[in-house]
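Okay, here's the structure, questions in a sec.
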Amino acid sequence: MKWTIKQAAAVTGFSADTLRYYEKEGMLSPKRHENGYRYYDDNDITVLKNIAVMKYAHFSLAEMKSMEELYAREPNTDCNKIARRILNGKIVELNRSILNYRKIVKLLTELLPMVDSIDAYLCNEKRIGEFIDQIFNDIRCGD
């Protein structure tokens, strides 16, 4: 199947500008009609779906480019090693983020009753500050 840039954008949720950006970055290579208009095929849509998932998983542009380059190559041992390194690093990063998000959810859950009254907030103000400092430090150490 062939999609115009507008159709590919609608299918993938990316803007047309984003598709052009990914093309400029070498992550995507749409074909061109005789009139010069881009068209996207099934392979391009697959690449864009991969990029969408990686973007959601907070892959950097460099990580996404590396993974797409590996995906385009013939499978080999070196590709596997590089992919494992990138994926293992992302797993560690995401697990750290999940832990911090759980702490934040706990904080928000504890804060919720404290907005019922000024007195409740004032009684817990110091504890709230300590909790936020702890989460801040956890996030900063993960960077």
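Which residues' amide hydrogens lie under 5 Å from the amide hydrogen of Y39, considering only partners 5 or more residues apart or on another chain, with H built in the peptide plane?
Close amide H contacts, sequence-distant or interchain: K31, R32, H33.
Please count, across the stretch 51-143, the pairs of lysine residues with Cα atoms under 28 Å apart that sit 8 or more places apart or on different chains.
Lysine pairs satisfying the spacing and distance rule in the stretch 51-143 number 12.
How big is the equivalent ellipsoid of the chain along its three axes, where each semi-axis is √(5λ) from the Cα gyration tensor, reported in whole Å from largest to smallest?
Working: eigenvalues 378, 90, 21 Å².
Output for the chain: semi-axes of 43, 21, 10 Å.
Hey, if you put +1 on the Cβ of every Lys and Arg and -1 on every Asp and Glu Cβ in the stretch 81-143, which of I98, L108, F136 ends up farthest toward the positive end of that dipole?
I98
For D41 and S66, what is the calculated FRET efficiency with R₀ set at 30 Å and r taken between the beta-carbons, to the nearest 0.05?
Working: r = 23 Å, r/R0 = 0.76.
Calculated value: 0.85.
Using the Cβ atoms and a cut-off under 13 Å, what net charge is assigned to the surroundings of W3, where Lys and Arg are +1 and Asp and Glu are -1? Intermediate values should be presented prior to the final figure.
Details: positive: K2, K6, K31, R38, K49; negative: D41, D42, D44.
Overall, the nearby charge balance is +2.
Rounding to the nearest 20 debye, state how big the charge dipole of the chain is about its Cα centre with +1 on each Lys and Arg Cβ and -1 on each Asp and Glu Cβ. The partial results should precede the final answer.
On the way: 22 positive and 21 negative charges, 80 e Å.
With Lys and Arg at +1 and Asp and Glu at -1, about 380 debye.
To the nearest 10 square angstrom, how much accessible area does T4 have with a 1.4 angstrom probe?
70
Kindly write out, for the stretch 63-71 in residue order, the coupling ³J(HN,Hα) from the Karplus curve 6.51 cos²θ - 1.76 cosθ + 1.60 (θ = phi - 60°), rounded to whole Hz, with x marking Gly and Pro.
For the stretch 63-71, the Karplus curve yields 5, 5, 4, 4, 5, 5, 5, 5, 4 Hz.
Further question on the same structure: Where the Cα atoms of the stretch 54-102 are projected onto their three principal axes, how long is each span, largest first, in whole Å?
For the stretch 54-102, the Cα extents along the three principal axes come out at 40, 18, 11 Å.
Carbon-plus-sulfur fraction of the accessible area of the chain, 1.4 Å probe, in percent?
After summing per-atom areas, the C and S share lands at 56 percent.
Roughly how many Å² is the accessible area per residue of the chain, as a whole number, for a 1.4 Å probe?
Values: 10230 Å² over 143 residues.
That works out to 72 Å² for each residue.
Now for a separate question. Determine how large the accessible area of I86 is when every protein chain is in place; take a 1.4 Å probe and give Å² rounded to the nearest 10.
20
Rounded to the nearest 10 Å², what accessible area does S117 show when all protein chains are kept and the probe is 1.4 Å?
50
Let me ask something additional. Could you sort H33, H58 by accessible area so the largest value comes first, with the probe set to 1.4 Å?
Working: H33 80, H58 115 Å².
Ranked list, largest accessible area first: H58, H33.
Taking the Cα centre of the stretch 1-47 as origin, sum charge times position over the Cβ atoms of Lys and Arg (+1) and Asp and Glu (-1), and report the length of that vector in debye to the nearest 20.
Details: 7 positive and 7 negative charges, 28 e Å.
Dipole magnitude for the stretch 1-47 comes out near 140 debye.
What number comes out for the charge environment of K49, summing +1 per Lys or Arg and -1 per Asp or Glu over other residues with Cβ under 14 Å away?
Numbers: positive: K55; negative: D41, D42, D44, E68.
Its environment carries a net charge of -3.
The values are calculated or read from the model by the stated rules, or taken from the named source; none is laboratory data. Bear in mind the structure is a predicted one, so any value in this text is a computation, not a measurement. Positions of Cβ are generated from backbone atoms using ideal geometry, with glycine treated the same way; all protein chains shown enter the neighbour counts. Please note that ligands, DNA and RNA were not included when accessible areas were found on the heavy atoms of the full protein model with its side chains. Shrake-Rupley method; radii C 1.70, N 1.55, O 1.52, S 1.80 Å.
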